[in-house]
Structure formats: C-alpha cells, structure tokens
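Let me begin by presenting the structure, written as structure tokens, before commenting on it.
The values are calculated or read from the model by the stated rules, or taken from the named source; none is laboratory data. All values derive from a computational prediction rather than experimental measurement. Cβ sites come from the backbone with ideal geometry, for glycine too, and all protein chains shown count toward neighbours.
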Amino acid sequence: MSGVTCSARIIFTLAALPAVALAQRPTVWIGPPGVENGKSLRAMFEHPEQWQQTRGMIDGLLYADHNMRQFSDEELRGWFSEMRDWKLRLSLELGAVKEWGVTGDIPFNRQRPMWDRLQSLGGRIDTIAMDEPFLCVRKRLNKPDAYAVEETAKFITLVRQNYPDMRIGDIETYPSIPIADHQWWIENLNRALRERHVRELDFYRLDVNWINFTVQQTGSWKELKQLEQYCRARHLPFSLIYWPSDLPLMKRLQRFGESTWYISIMRQAQDYVAVGGAPDEFVIESWVGEPAASVPETADWTFTRSVRDLVERFVGKSY
C-alpha cells in the first residue's frame with residue numbers, strides 16, 4: 001500500500017485511453033523511485049537523451065515533497081529549467097492529516113516552506129496529491145470519519161487561500177476502503193468545501209492493492225469501475241496509480257526478478273482495460289524501490305521503458 005505514513009513521492013501522471021471516447025486525452029504522470037538518495041530521478045536529468053521518446057508521452061513528474069530534500073538548490077534550479085523546456089508539469093505527494101500532523105493546519109505549516117523553496121528555484125507546482133487522509137484517520141488515528149472530513153477540508157482551505165493556482169486531489173486505498181465509503185467520503189468532503197466557499201477536489205486518485213482480489217478474495221476491477229463511473233458522473237477526474245501490488249508477495253515467495261515491476265504494471269493495465277476501465281489520469285509510480293534503473297528507455301525493464309510501453313499500449317497514440 002502506498003502510504004504517506006508514510007512515504008512521499010513525486011509523481012509523473014499518465015492518463016489512460018478510455019473505452020468510451022472522452023473530451024480530451026487522459027493525462028500521464030510518472031513518479032520514479034525515491035530510494036538511494038534519488039538516484040533514479042538524478043539519472044533521468046543527467047541523461048535526458050536516454051528517455052526522450054518517453055518524455056513526449058507524459059504530462060508531468062511527481063515526487064514526494066519530503067524527498068525533495070535529497071536535492072541541492074543548484075540541481076533543482078537546473079532541473080526545473082529543463083522541465084519548462086520539456087513542458088512537463090510538477091506534482092507533489094504530501095500529507096494532509098497524518099500521525100505527525102493530526103489537524104490540517106499542522107501539515108500545511110510544516111510543508112509550505114518546501115513548496116516556497118521549490119517555487120523560488122523556478123519549480124511551478126501544478127498539482128498536490130494528499131496521501132490518504134481518510135485512511136490515516138480511520139486506521140492510524142482511530143478517529144471518526146467526520147473528523148477526517150473536517151481536518152482535510154481545513155488543509156485544502158489553507159492551500160486554496162495561499163496557493164490558489166495549485167490543483168488539489170486526494171489519494172485513497174482500495175479495497176481496504178469499500179467503494180460505498182469512497183463515495184461517502186467524496187460527497188462529504190466536497191460538501192464541507194462548498195460550505196467553506198472553497199473549490200472542490202480537482203481529482204480523486206486510487207491506490208489499488210489489486211493482489212488482494214486474488215489472495216484475499218476482496219474487491220475487483222469491475223467494482224472499481226463503478227467508482228470511476230461515479231466520479232465521471234460528477235465531473236471529478238478519476239486517477240489511477242499503476243504499481244506492482246504483487247511485488248511484496250513475490251519477494252516473500254522468492255519469485256521476484258528484475259522483470260517483476262514491468263510485468264506487474266502491464267498486468268494491472270490489462271486487467272482494468274478488460275472491464276472497460278478508462279481513468280482520466282494514469283499515474284505510473286514507484287515507492288517500492290523498483291525498478292533498479294530508470295534509464296535508458298530502450299533497455300529491458302527500466303522505469304522509463306515501462307512508462308513508454310504502458311502509454312503506447314494503453315493510453316493511445318494521441319500524445
């Protein structure tokens with residue numbers, strides 16, 4: 001499970017090719033592994049020629065905001081300049097209600113110095129993705145769902161007031177949170193925002209532990225499709241993270257190899273498109289330390305190769 005208990009990430013977004021034509025092409029965000037002092041992201045900026053085709057297929061890059069401390073001002077200033085040239089947007093994954101910030105104002109005040117630092121270096125923050133506030137309140141803080149609504153609305157209000165141009169969305173888990181509860185959460189959080197005269201969520205993102213469909217016989221892609229339809233009916237962009245949910249199990253069973261990441265995200269994409277799944281945003285993201293290499297896009301099993309192939313196969317040719 002992705003957790004910002006958790007771990008923050010920077011994500012590049014990928015949008016999926018819908019089974020039914022949408023008004024515009026889905027967006028694509030990618031989030032390379034943040035381990036080993038950010039070696040994957042460093043390699044991508046140090047060798048831009050090694051993922052040129054992939055860059056032309058994506059819309060943005062996503063990373064955990066706390067992991068931005070891995071990089072110097074000089075590095076970031078140069079990278080942000082390159083991102084502007086490449087027309088890639090920046091997204092941060094961060095906490096809104098966490099064990100280390102149990103009310104919405106605490107995470108806001110703790111994290112905004114990093115946002116200001118990045119923007120002072122030329123990094124325009126297009127999007128922030130809140131990392132599982134609903135799940136955290138339920139599973140870690142053991143407080144009522146209404147508390148999650150109130151404190152998450154407080155966090156969003158502070159962001160909207162101080163950074164009005166940022167898009168804000170939420171990440172939550174499935175099937176650990178049932179579909180009906182996701183719908184309750186969306187309705188009540190957006191209602192709380194309207195009551196505060198604040199713009200509602202800009203997207204809703206699912207972190208799906210899809211191996212549980214088989215191992216624990218809980219949840220299904222068909223059921224998840226219902227949430228996609230629910231979001232679309234409310235004009236709320238539906239965002240889906242592509243990641244190897246089976247990787248921890250394969251490691252325990254000693255069935256893990258350098259190809260596991262690639263094979264697993266392709267399996268997820270195939271399974272979801274088979275039930276007519278068509279997210280408005282594809283987010284190809286790793287917080288599991290894999291793949292070991294991010295470039296080149298022409299080598300087997302690298303992160304950028306997996307992005308290139310998934311977009312080509314499942315997002316379509318409109319990039």
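You will find that of 303, 256, the residue that is over 30 Å from residue 188 (Cα atoms), over 20 Å from the mean Cα position of the chain (by Cα) and not acidic (Asp, Glu) is 256 and no other. Among the residues here, residue 229 qualifies as surrounded by fewer than 16 Cβ atoms within 10 Å (Cβ to Cβ), assigned to a helix (DSSP H, G or I) and without any contact (Cβ under 8 Å) to a residue 24 or more places away in the chain.
Scanning region 244-260 turns up no residue that is farther than 24 Å from residue 170 by Cα, at pLDDT 95 or above and in a helix (DSSP H, G or I).
Against the list (1) within 21 Å of residue 33 (Cα to Cα); (2) out of contact with any strand residue (DSSP E or B) (no Cβ under 7 Å at 6 or more places or on another chain), the condition residue 286 fails is (2). Residue pairs whose Cβ atoms lie under 6 Å apart, sitting 6 or more positions apart in sequence or on different chains, and linking a residue in region 60-84 that is part of a strand (DSSP E or B) to a partner that is of a type in the set (D, E, K, R) and modelled with pLDDT of 95 or more, are 60/89; 64/93. Every condition in (1) in contact with a Gly (Cβ under 7 Å, 6 or more places away or on another chain); (2) free of Cβ contacts under 8 Å to residues at least 60 places away in the same chain; (3) closer than 25 Å to residue 63 by Cα holds for residue 286 except the one numbered (2). Identify, please: which residue in region 85-99 is buried (at least 22 other Cβ atoms within 10 Å of the Cβ) and assigned to a loop (DSSP other than H, G, I, E, B) and is, among those, farthest from the chain's Cα centre (by Cα)? Checked region 85-99; the qualifying residue farthest from the chain's Cα centre (by Cα) is 97.
Summed over region 262-290, residues that are part of a loop (DSSP other than H, G, I, E, B) and under 17 Å from the mean Cα position of the chain (by Cα) total 8. Screening residue 259 against (1) crowded, with 17+ Cβ neighbours inside 10 Å; (2) touching a Phe, Trp or Tyr at 6+ places or on another chain (Cβ under 7 Å) leaves a single unmet condition, (1).
A quick yes/no check of all residues on (1) of a type in the set (A, V, I, L, M); (2) farther than 22 Å from residue 47 by Cα:
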{"position": "278", "(1), (2)": "yes, yes"}
{"position": "282", "(1), (2)": "no, yes"}
{"position": "285", "(1), (2)": "no, no"}
{"position": "300", "(1), (2)": "no, no"}
{"position": "308", "(1), (2)": "no, no"}
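Can you pull out the residues in region 45-59 that are part of a helix (DSSP H, G or I) and among the small types (Gly, Ala, Ser)? Of everything in region 45-59, nothing turns out to be part of a helix (DSSP H, G or I) and among the small types (Gly, Ala, Ser). In region 11-39, the qualifying residues are those that are small (Gly, Ala, Ser) and more than 16 Å from residue 308 (Cα to Cα), and the one that is modelled with the lowest pLDDT is 19. Taking each residue of region 299-310 that is touching a residue at least 12 places away in the same chain (Cβ under 8 Å) and looking for partners that are aliphatic (A, V, I, L, M) and in a loop (DSSP other than H, G, I, E, B) with beta-carbon atoms closer than 8 Å, six or more apart or interchain, yields 301/293; 303/293; 303/295; 304/295; 305/299; 307/57; 307/58; 308/57. If you check 205, 234 for being in contact (Cβ under 8 Å) with a residue 40 or more places away in the chain, more than 12 Å from residue 277 (Cβ to Cβ) and in contact with an Asp or Glu (Cβ under 7 Å, 6 or more places away or on another chain), only one passes: 205.
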